[in-house]
1. Carbon and sulfur together cover what percent of the accessible area of region 1-62 at a 1.4 Å probe radius?
2. Hey, what do the phi angles of region 237-247 turn into as Karplus ³J(HN,Hα) couplings, whole Hz, using 6.51/-1.76/1.60 and θ = phi - 60°, x for Gly and Pro?
3. How would ASP254, ASP7, ASP2 line up by accessible area, probe 1.4 Å, largest first?
4. A 26 angstrom limit on the alpha carbon distance is what I want to check against. Which of LYS61/LYS228; LYS101/LYS130; LYS17/LYS61 exceed it?
5. Using the beta-carbon distance between GLU225 and GLN250 and R0 = 22 Å, what value does 1/(1 + (r/R0)^6) give for FRET efficiency, to the nearest 0.05?
6. Using alpha carbons only, how many angstrom separate the centre of region 225-250 from the centre of region 102-151?
7. Output ³J(HN,Hα) for region 115-126: one whole-Hz value per residue in order, computed from phi by the Karplus curve 6.51 cos²θ - 1.76 cosθ + 1.60 with θ = phi - 60°, and x for Gly and Pro.
8. Once amide H atoms are built 1.01 Å from N in the peptide plane, which residues 5 or more positions from THR119, or in another chain, come under 5 Å H to H?
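The values are calculated or read from the model by the stated rules, or taken from the named source; none is laboratory data. If you're wondering where the values come from, they're calculated on a predicted model, not measured in any experiment. Cβ atoms come from the backbone with ideal geometry, glycine included; neighbour counts cover every protein chain shown. Calculation scope for accessible area: heavy atoms of the full protein, side chains included, ligands and nucleic acids excluded. Shrake-Rupley method; radii C 1.70, N 1.55, O 1.52, S 1.80 Å.
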Amino acid sequence: MDLHILDHRLRVTSISKTGLEQYTHPLIKLIFLRNRTRCKFFSLTETPENYTVVLDEEGFKELQPSEHLQVEGSTWLPLNVVSNGNASSSSQSVGVTKIAKSVIAPLAEQHVSVFMLSTYQTDFILVREKDLSVVVESLVEEFNIFREEGGESVPVHSQDACNGLQRNGREVPHATVHPVLIPENQFCVMSLDPDTLPAIATILIDVLFYSNSPREGASIDQDMECIKFFSFSMIDGYVSLVMDTEAQKQFPTDLLFTSSSGELWRMVRIGGQPLGFDECGIVAQISQPLADSDISAYYISTFSFDHALVSTRKEVSFMIHSKSKRQD
């Protein structure tokens with residue numbers, strides 16, 4: 001398999017819900033007027049707490065500093081697994097399940113934090129730029145590694161890693177077992193032709209910016225039946241949307257498309273308190289048992305919490321596993 005280090009330098013940010021009005025214009029510009037911003041990697045995810053925005057340096061220029069904008073201090077690089085010429089998602093096991101053992105577990109063992117972003121098309125593993133040498137050294141035996149530079153794929157060899165494992169080879173502490181919340185919503189993972197975005201512009205703006213949501217700082221009840229979660233990504237010209245079935249009803253069915261099975265997904269939300277960015281092994285802790293049980297899943301990290309989407313066909317077995325973890 002091939003591992004590509006994509007030609008994007010990304011920032012991970014959070015916009016508070018109380019400050020959304022200040023950022024509505026730049027966000028609309030990033031979604032609908034991408035030719036004017038030159039932003040090629042953009043992802044916006046609404047959760048009950050805030051909006052997580054992941055975007056490249058060109059897009060980041062659109063977000064003016066303010067008290068409502070939090071910026072994680074690192075620059076992140078997206079990795080993408082390619083097998084037989086195709087991106088990592090396929091017709092069988094999906095998303096984080098496919099890359100758990102080959103990518104996520106080895107990085108956790110080397111104390112490398114990852115930020116996951118699964119989309120309809122593929123899966124992106126974001127790593128800090130400063131950890132790149134460790135990443136290469138950890139994965140070079142499993143993958144042919146390439147770095148994209150100016151549209152060309154340049155091979156990366158182990159000697160390019162500069163003995164990164166020796167610098168980062170400290171003992172990894174045991175990962176904290178975080179509580180999980182399993183809301184009742186059922187979710188869809190969908191896509192659309194970017195040229196049809198104008199046709200759903202008013203609906204998308206309404207869902208993202210004007211729908212009713214819990215107040216900023218509102219606590220999340222562990223018995224909450226449903227949570228607000230909506231994710232829009234436009235990456236290198238491909239659009240991906242994750243929404244629950246209630247939000248889906250607002251969109252014209254002839255424009256959004258999903259897999260031929262029309263599969264639905266349940267969410268497992270990881271974390272009782274904001275997780276932060278320095279703890280390692282959170283994604284591995286969730287993805288490893290999924291991979292062992294061949295359970296398809298998407299995984300979306302946000303500024304405060306992580307979210308795994310599990311196929312409704314396999315949700316029972318994963319929920320049993322999740323509940324046992326809560327009791328440990």
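1. 45 percent
2. x, 9, 9, 9, 10, 10, 8, 7, 5, 5, 5
3. Order by accessible area, largest first: ASP254, ASP7, ASP2.
4. On the way: LYS61/LYS228 28 Å; LYS101/LYS130 23 Å; LYS17/LYS61 20 Å.
Pairs exceeding 26 Å: LYS61/LYS228.
5. 0.65
6. Result: 25 Å between the Cα centres.
7. With the stated coefficients, region 115-126 comes to 10, 9, 9, 8, 10, 4, 8, 6, 10, 10, 9, 8 Hz.
8. Residues meeting the amide H criterion: PHE124.
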